[in-house]
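The values are calculated or read from the model by the stated rules, or taken from the named source; none is laboratory data. Note that this is a predicted model, so its numbers are computed, not measured. When we count neighbours, we look across all protein chains shown, and the Cβ atoms used for this are built from the backbone with ideal geometry, even at glycine. With ligands, DNA and RNA removed, areas are computed over all heavy atoms of the protein, side chains included. Shrake-Rupley method; radii C 1.70, N 1.55, O 1.52, S 1.80 Å.
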Amino acid sequence: STPERLAALMLTYGTAYRAVVERREVGPGDSLLVMGGGKGTSFAGAQIAKTLGARVILVGSNQELGDSLIERGIADAFVNRREIPAEVYGVVDESEAHDAWLARTAPFREAVFAANQGRPVDTIFEHTGGTNFPLLVSALAEGGKLAFFGATGQGLKGEYKETFFYGSRRLVMDARWVWMRQKQVLFS
């Protein structure tokens with residue numbers, strides 16, 4: 001194995017371990033939603049969480065990979081993001097009202113809840129981006145936790161800006177402030 005591959009392995013598993021074990025303290029009986037469909041850091045996060053006894057739900061676009069990871073015992077369920085209407089994803093528009101957004105994004109929550117035995121998830125592990133972040137916050141159980149690393153955006157302006165609803169309140173945060181400083185956002 002090359003030094004580059006070893007470094008990538010350490011980075012991938014180190015990131016997943018820090019989020020799943022140290023920050024989220026995932027344990028037996030917890031449900032964990034993992035974005036990324038079981039590739040890269042999402043694979044490491046799913047593998048670690050499953051070893052700790054969590055119920056792992058993957059969200060991705062490769063059904064064959066998802067089925068394979070379920071068969072291998074690395075995940076319990078797979079949500080195919082391609083089966084969810086495209087208009088569900090996307091940043092929250094400044095003019096969009098909470099109720100309209102909730103109605104537009106309902107198919108995501110329905111799919112996640114169905115994969116988690118009808119309930120919201122306890123924990124989410126995500127390489128964040130504005131198109132997913134608001135959906136994920138809305139799929140969390142009361143007192144749930146969302147761990148994210150990095151940030152995915154389009155263009156140089158606003159790519160770290162996360163706009164989302166908590167309850168009916170519209171909130172905006174700069175993701176860099178959270179993940180670069182290893183901070184947590186707690187809702188109450």
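Just the number please: accessible area per residue for region 22-129, 1.4 Å probe, all protein chains included, in Å².
On the way: 4820 Å² over 108 residues.
Result: 45 Å² of accessible area for each residue.
What is the calculated FRET efficiency for Leu9 to Lys39, with r their C-beta to C-beta distance and R₀ = 22 Å, to the nearest 0.05?
On the way: r = 14 Å, r/R0 = 0.63.
It comes out at approximately 0.95.
Got a sec? What order do Leu33, Leu52 fall in by accessible area at 1.4 Å, biggest, i.e. largest, first? Kindly include the intermediate steps, with their values, before the conclusion.
Working: Leu33 0, Leu52 60 Å².
These residues rank, largest area first, as Leu52, Leu33.
Lysine pairs in the chain with Cα distance under 27 Å, only those 8 or more apart or on different chains: how many are there?
Step by step, the pairs that qualify in the chain add up to 10.
Hand me the GluC sites (Glu not before Pro) from region 94-149 located in a DSSP loop with no more than 12 other Cβ atoms within 10 Å, in residue order please.
Glu94
Could you check what % of the DSSP bridge pairs in the chain are antiparallel, to the nearest 5?
Values: 6 of 25 bridges.
Antiparallel: roughly 25 percent of the beta bridges in the chain.
Out of the total accessible area of the chain (probe 1.4 Å, heavy atoms of protein only), what percent is carbon and sulfur?
Values: 5290 of 10000 Å².
So the carbon and sulfur contribution to the accessible surface is 53 percent.
Work through the residues other than Glu96 whose Cβ is under 11 Å from its Cβ and net out their charges, Lys, Arg +1 and Asp, Glu -1. If you can, show how the numbers build up before the last one.
Working: positive: Arg104, Arg170; negative: Asp93, Glu94, Asp99.
Neighbour charge sum, excluding Glu96 itself: -1.
Spelling out what I want: for every residue of region 31-48, take phi, set θ = phi - 60°, compute 6.51 cos²θ - 1.76 cosθ + 1.60 (Karplus), and round to whole Hz; glycine and proline get x.
The phi angles translate into 9, 10, 9, 10, 7, x, x, x, 10, x, 5, 5, 5, 4, x, 5, 4, 5 Hz.
Could you compute the net charge surrounding Ser42? Neighbours are other residues with a C-beta less than 13 Å from the C-beta of Ser42; K and R count +1, D and E count -1.
Working: positive: Lys39, Lys50, Arg81; negative: Glu126.
Taking every Cβ under 13 Å from that of Ser42, the sum is +2.
If amide hydrogens are placed 1.01 Å from N in the peptide plane, which non-local residues have theirs closer than 5 Å to the one on Leu58?
Long-range HN contacts for Leu58: Val34, Asp76, Ala77, Phe78, Val79.
How much net charge surrounds Gly29 when only the other residues with a Cβ under 11 Å from the Cβ of Gly29 are counted, with Lys and Arg +1 and Asp and Glu -1? Can you show the working numbers first?
Numbers: positive: Arg55; negative: Asp30, Asp122.
Within the 11 Å Cβ shell, the charges total -1.
Of the listed values [x] 16.8; [y] 20.0; [z] 22.5, grab the one calculated as Kirkwood radius over Cα pairs in Å from the structure here.
Evaluating Kirkwood radius over Cα pairs in Å on these atoms matches [x].
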